[in-house]
Amino acid sequence: MPKIFKTLDKLEVVYDWTYKIVMFICKILLIADIAITVLSVLGRYVSFIPAPAWGEQMVLTFMVYMAVLSAALGIRRGAHIRMTALDNKLPKKLIKVLDIVADVAVLVLAVIMIQTGLNICNSPLAKFGKYESIPTLSRVWMYLPVPVAGVSMILFEIEAIYRHIKAFFVQEEPAKEVQ
């Protein structure tokens, strides 16, 4: 059985690159968020700097992107809040099974996010609706982070489930820290 795990471990490069790309997108969104916020605040108090009318809506949209994409990053790192009060009292195998059940539940949530997000993106509200302050920009951009994050979450959940299944068959050295 370990031979198949060695083969599947080669896919970790794909997960690493996906993680880095999503993290880079979140960093760019954070920088843009800060820059737009600073510009908006300065525009209110400094007379020669015009405050952008679209500032608040863009900041909120970028925050939504960061929130759902960082949830996917948290899955990869195992950084989400978990109930671990009984972990030291239950058998290790049971804990592993419960971890798989929890990951499958999050995987189902990610599938629902994709399906519902795509339905909303294809709805008339999103297709024909426009931002109030940017009438040329479709509201699809406001709803698009939900299915995008769902895809990232599925990818990272598959990796997490794989790691849990692998732990049943392969004795591993301590896990490396994901950056």
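Going through (1) modelled with pLDDT under 90; (2) aliphatic (A, V, I, L, M); (3) loosely packed, with under 12 Cβ neighbours inside 10 Å; (4) within 19 Å of the chain's Cα centre (by Cα) one by one, ILE31 falls short only on (1). Residues of segment 56-69 that are open to solvent by less than 30 Å² (accessible area, probe 1.4 Å) and over 30 Å from ILE100 (Cβ atoms): MET58, VAL59, THR61. For segment 126-159, which residues satisfy the criterion of being modelled with pLDDT under 90 and of a type in the set (Gly, Ala, Ser)? Selection gives ALA126, GLY129, SER133, SER138. In this structure, LYS93 does not qualify as modelled with pLDDT of 95 or more and either aromatic (Phe, Trp, Tyr) or farther than 15 Å from MET153 by Cα (or both).
Criterion applied to ALA72, ALA85, ALA53, ALA79 was being farther than 26 Å from GLN171 by Cα and exposed (fewer than 15 other Cβ atoms within 10 Å of the Cβ), and the one residue passing it is ALA53.
The residues on offer are LYS27, LYS89, LYS3, LYS96, and the sole one that is farther than 24 Å from HIS164 by Cβ and charged (D, E, K, R) is LYS27.
For segment 1-101, the helices (runs of 4 or more DSSP H) that sit wholly inside it and include 2 or more residues that are under 30 Å from ILE134 (Cβ atoms) and out of contact with any Phe, Trp or Tyr (no Cβ under 9 Å at 6 or more places or on another chain) are 12-45, 55-77. Every listed requirement among (1) more than 17 Å from ILE25 (Cα to Cα); (2) without any contact (Cβ under 8 Å) to a residue 60 or more places away in the chain; (3) buried (at least 17 other Cβ atoms within 10 Å of the Cβ) is met by VAL140 save one, (3).
Annotation note: Cβ proximity below 7 Å between a residue of segment 19-43 that is touching a residue at least 60 places away in the same chain (Cβ under 8 Å) and a residue that is open to solvent by less than 60 Å² (accessible area, probe 1.4 Å) and in a helix (DSSP H, G or I) (sequence gap 6+ or interchain) occurs for TYR19/LEU73; TYR19/ARG76; VAL22/LEU69; VAL22/ALA72; VAL22/LEU73; VAL22/SER152. Quick one: in segment 88-105, of everything that is of a type in the set (D, E, K, R) and touching a residue at least 12 places away in the same chain (Cβ under 8 Å), which residue is surrounded by the most Cβ atoms within 10 Å (Cβ to Cβ)? Per the stated criteria, the residue is ASP103.
The values are calculated or read from the model by the stated rules, or taken from the named source; none is laboratory data. Every value quoted in this text rests on a predicted model; they were computed, and no experiment measured them. Quick reminder, even Gly has a Cβ in these numbers, built from the backbone with ideal geometry, and neighbours come from all protein chains shown. The accessibility values were calculated without ligands, DNA or RNA, using every heavy atom of the protein model including side chains. Shrake-Rupley method; radii C 1.70, N 1.55, O 1.52, S 1.80 Å.
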